[in-house]
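Q: Sending over a structure as structure tokens; questions will come in a sec.
The values are calculated or read from the model by the stated rules, or taken from the named source; none is laboratory data. Predicted model only: the values in this text are computed from it and were never measured. Note: ideal-geometry Cβ built from the backbone for every residue, glycine included; neighbour counts use all protein chains shown. These accessible areas exclude ligands, DNA and RNA; they are computed on the full protein's heavy atoms, side chains included. Shrake-Rupley method; radii C 1.70, N 1.55, O 1.52, S 1.80 Å.
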Amino acid sequence: MSKKVGIPKGLLYYNFYPMWKTFFEELGAEVVTSSDTCKKIIDDGIKTCVDETCLPVKTFMGHVIDLKEKGVDYIFVPRVISVERRRYLCSKFLGLPDLVRNLISDLPQIIDMKIDYYRGEEFMEREILRVGKLFVDGTSKIKDAYEKSLKRQRTFECIIREGFSNTEAIKIMEGKKLDANTKGDLKIALLAHSYDIMDDYLSMGLINRLKNMGAYVLTTNMIERDKIEKGASKLQKDLFWNYGRDILGAGKYFIESEDVDGVISVSAFGCGPDSITEDLLERDYKRDGKIPFMSITIDEHTGEAGLNTRLEAFIDLLRWRKGEIMA
Amino acid sequence: MKITYPHMGSLNMILKTMFEGINVEVVEPPPVTNKTLSIGVKYSPEFVCLPYKINLGNFIEALENGADTIIMLGGIGPCRFGYYGQAQKETLIDLGYKFNMIILDPPHGRLVDFLKELSSYFPDVYWKDALKAFIFAVQKMIIADKFEKKLLILRAHENEIGITTKIFEDYMEKIKNAKNKKELDSIYKEGLEKLKQNATIKREIQLKVALVGEIYLMLEPFSNLDILRSLNELGIEVTKTDFLSDYLINSAFKLPQRMEFKKYAHGYLERDIGGHGLNTVANTVKYAEKNYDGIIQIFPFTCTPEIVAQGIIAKVSSDKNIPVMSLSYDEKTGEAGYQTRLEAFKDLLERRRLKNIKKY
Ligand code: SF4
């Protein structure tokens, strides 16, 4: 019987799920994910973590608990250190498997694959083999699985660039047919960590709300690399968090190119890195003053009503600027 | 050029000695007060951590006093400290200040590189003078740290509340103004003697606590509401696990300390996660194994690496059967219940000791 690997639907799930899934399936494992985020998952997470922990990490813990309750043989909790040279993720990703092990008891085996592209290919290869050996013996089989997973990841990223959200792209990879949403008369850049906006429960369906108000939403992942690089080259000092850098880079790019009607940044309450990047971003937009900017903080108490009012006001402002609403 | 820098415990003393040694004018940031903090809070992003806010307050107060050049440390992440300087600079520009900001990113290696980088900003200074000034500054730092280590034990035995703190402060001022090594040594000897004379109380149950956590909070007494003093005055001997001298020496040279930390933390945290997260976990294990009565972790509210550490040391606490208390600080800490928590912790430690005594 094949072994069951559980993948928690939180944090970088939204950036790498197709790749991770392929890797384990190619090794003959059965992949299960945790359920969609819901009240129970969040409550479990909150109970497990210390108060000040950011909401995305709390939620992640809830997903691990969900998988533990579902009964799986392994839970995949990668230690993602860097996905680009010289740039890192937040400390919480660096210590994630340790945190999971120390906070949650009676866990199935944790697969704590280290993902550190900074350390070079040899390092990654060693990690891949270490993890692969849990399932099969042959080195070449493992390498094959890894190659295939990389390919899947590239396809996944291409789909996103066509204008699909990460969640939509995951669905498409699983065979669903969806239309790219490039309609909408307002173009809004939504700058945020993927997990802050892709999890519909946490973000209260932010993307759909915007769509329903007639906006065409552009996320950080949809933006071409060269645009982000161009924006990031304007930083006084290169930023060492890669996702934070993407957010700032995209932000700086749009100030120059002016090809969006508005920019919204979303961050989670208690997020360390965002407290700095958010401030820099907002400052840039205030100084420049050409493109309206709004920032949203999500926490476990954010109310839907408040969010809607703010979004509507923002959209009205953008429409008014476009001359659609007579003042 | 009039130089200033942020406060961080005895850092002021060292930088002042160093810059004056090369004839660069220094505008000391005024001592950190509630006013400093409220200025900092006013202009900082709401969710940034406490050290950032105090630093910014220092800069504004020093600029108001005539400083025109700010020296700040940088970093390579992933702790957000590494980007403080950049964000603060933008804030100060928006506030309309005219100044120069030198952000020193740690060299990926040796102390010499650091000195070289620094000296490139002061072309008129002789390399030899700079080195001499630097060495003397380091000597002061080492003496000051040694003196403080003694204080943290002796103050728990002081004959009259507040008396050793007074002596300590007097002598730190003397150390700060010392002109040469010889003077430094005799100040230290004399100061230590005085401390000892005024600390002769003995207790049947003598509690010992190790203080672990984030470096700024550990080094800057204002930021931690002078927790060391509060603990000492409750009669507890304290071991502070970080001193400026250790910090500079360890970050300048890559010393075996990292390996030691990894060894202690093994089984709980398997790698460096930025900031002082690994140190916190390692020190908790280390002092638990040394049979201390308890561990206190201090850090700025929302500090990412310390939150990871907090979760992990809770497990260390139950595995090794040692009480651990985590305290996070922001501008509102201390308003309610803070002192009570310290006292409750002390009671807990005392009760545990009593129980153990009865067992035998
Ligand atoms: S980057 Fe922010 S939201 Fe993400 S894990 Fe780190 S602290 Fe949490």
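Q: Calculate how many DSSP beta bridges within chain A are antiparallel, expressed in % of all such bridges and rounded to the nearest 5. Mind showing how you got there, number by number?
A: Values: 1 of 30 bridges.
Counting DSSP beta bridges with both partners in chain A, the antiparallel share is about 5 percent.
Q: Also: By how many degrees, between 0 and 90 and to the nearest 10, does the Cα long axis of helix B:84-94 differ from the longest principal axis of chain B?
A: 50 degrees
Q: Let me ask something else about it. Could you state the number of Å between the C-alpha centres of region B:118-168 and region A:206-222?
A: So the two Cα centres are separated by 56 Å.
Q: Could you give the accessible area per residue of chain A, probe 1.4 Å, as a whole number in Å²?
A: On the way: 13680 Å² over 327 residues.
Averaged over the residues of chain A, the accessible area is 42 Å².
Q: Given +1 on the Cβ of Lys and Arg, -1 on the Cβ of Asp and Glu, and no further charges, what dipole in debye does the protein assembly as shown carry about its Cα centre, rounded to the nearest 20?
A: Values: 99 positive and 99 negative charges, 353 e Å.
Computed about the Cα centre, the dipole is about 1700 debye.
Q: If you fit an axis through the alpha-carbon atoms of helix A:242-257 and take the longest principal axis of the Cα set of chain A, what angle between them do you get, 0 to 90°, nearest 10?
A: Helix A:242-257 sits at roughly 30 degrees to that axis.
Q: Follow-up. Ballpark to the nearest 100 Å², how much total accessible area do B and A bury together, probe 1.4 Å? Mind showing how you got there, number by number?
A: Working: alone 17820 and 15470 Å², together 29880 Å².
Buried: approximately 3400 Å² between A and B.
Q: What's the percent breakdown of Cα-Cα distances in region A:1-150 across 5 Å bins, shortest bin first?
A: All Cα pairs considered, the percentages come to 2, 10, 19, 23, 21, 14, 8, 3, 1, 0.
Q: Something else about it: With the other protein chains left in place, how much accessible area per residue, in square angstrom, belongs to region B:158-277 at a 1.4 angstrom probe? Present the calculation step by step, with values, prior to reporting the outcome.
A: Numbers: 5840 Å² over 120 residues.
That works out to 49 Å² for each residue.
Q: Okay, moving on. For chain A, calculate the relative contact order in percent as a whole number, restricting contacts to Cα pairs under 8 Å that are 6 or more residues apart. The partial results should precede the final answer.
A: Values: 527 pairs, mean separation 52.9, N = 327.
Contact order relative to length: 16 percent.
Q: Ignoring ligands, DNA and RNA, how do B:TYR126, A:TYR13, A:TYR201, A:TYR216 rank by accessible area with a 1.4 Å probe, largest first? Don't jump to the answer; show the numbers that get you there.
A: Working: B:TYR126 165, A:TYR13 15, A:TYR201 105, A:TYR216 40 Å².
Final ranking, largest accessible area leading: B:TYR126, A:TYR201, A:TYR216, A:TYR13.
Q: Once you sort the root eigenvalues of the Cα gyration tensor of chain A as a ≥ b ≥ c, which label holds: rounded (a/c under 1.5), prolate (a/b larger than b/c) or oblate (the other case)?
A: Working: a/c = 1.80, a/b = 1.61, b/c = 1.12.
Here chain A falls in the prolate category.
Q: In whole Å, how far is the Cα centre of region A:159-183 from that of region B:11-36?
A: A separation of 57 Å, based on Cα centres.
Q: Using only protein heavy atoms and a 1.4 Å probe, report how much of A:SER91 is accessible, in Å² to the nearest 10.
A: Answer for A:SER91: close to 0 Å² accessible.
Q: Rounded to the nearest Å, what's the spacing between the alpha carbon centres of region A:72-125 and region B:47-99? Just the number, please.
A: Measuring centre to centre over Cα atoms gives 33 Å.
Q: Residue farthest toward the positive end of the dipole of chain A, with Cβ of Lys/Arg at +1 and Asp/Glu at -1: which of A:TYR146, A:ASN212, A:MET61?
A: The residue sitting most towards the positive pole is A:TYR146.
Q: Could you tell me which of B:ILE70, B:ASN12, B:MET1 has its Cα farthest along the dipole of region B:1-111 towards the positive end, charges placed at Cβ (Lys, Arg +1; Asp, Glu -1), taken about the Cα centre?
A: Projecting each Cα onto the dipole axis, the largest value belongs to B:ASN12.
Q: With all protein chains present and a 1.4 Å probe, how do B:VAL27, B:VAL41 order by accessible area, largest first? Before the final figure, lay out the partial values.
A: On the way: B:VAL27 20, B:VAL41 45 Å².
Heavy-atom accessible area, descending, gives B:VAL41, B:VAL27.
Q: While we're on this one: Once both axes come from the Cα atoms, what is the angle between helix A:39-48 and the longest principal axis of chain A, in degrees from 0 to 90, rounded to 10?
A: Rounded to the nearest ten degrees, it is 70.
Q: Then there is this: Under a point-charge model restricted to the Cβ atoms of Lys and Arg (+1) and Asp and Glu (-1), what is the dipole moment magnitude of region B:182-270 relative to its Cα centre, in debye to the nearest 20? All intermediate terms of the calculation are to be shown ahead of the outcome.
A: Working: 13 positive and 14 negative charges, 57 e Å.
Dipole about the Cα centre, nearest 20: 280 debye.
Q: Right, another one. Given contacts defined as C-alpha pairs under 8 Å and at least six residues apart, what's the relative contact order of region B:284-347, whole-number percent? Write down the numbers at each step before the final one.
A: On the way: 51 pairs, mean separation 24.4, N = 64.
Over region B:284-347, the number comes to 38 percent.
Q: In addition: Can you compute the charge dipole magnitude of region A:1-57 about its Cα centre, using +1 on each Lys and Arg Cβ and -1 on each Asp and Glu Cβ, nothing else charged? Give it in debye, rounded to the nearest 20.
A: Values: 7 positive and 8 negative charges, 30 e Å.
Here region A:1-57 has a charge dipole of around 140 debye.
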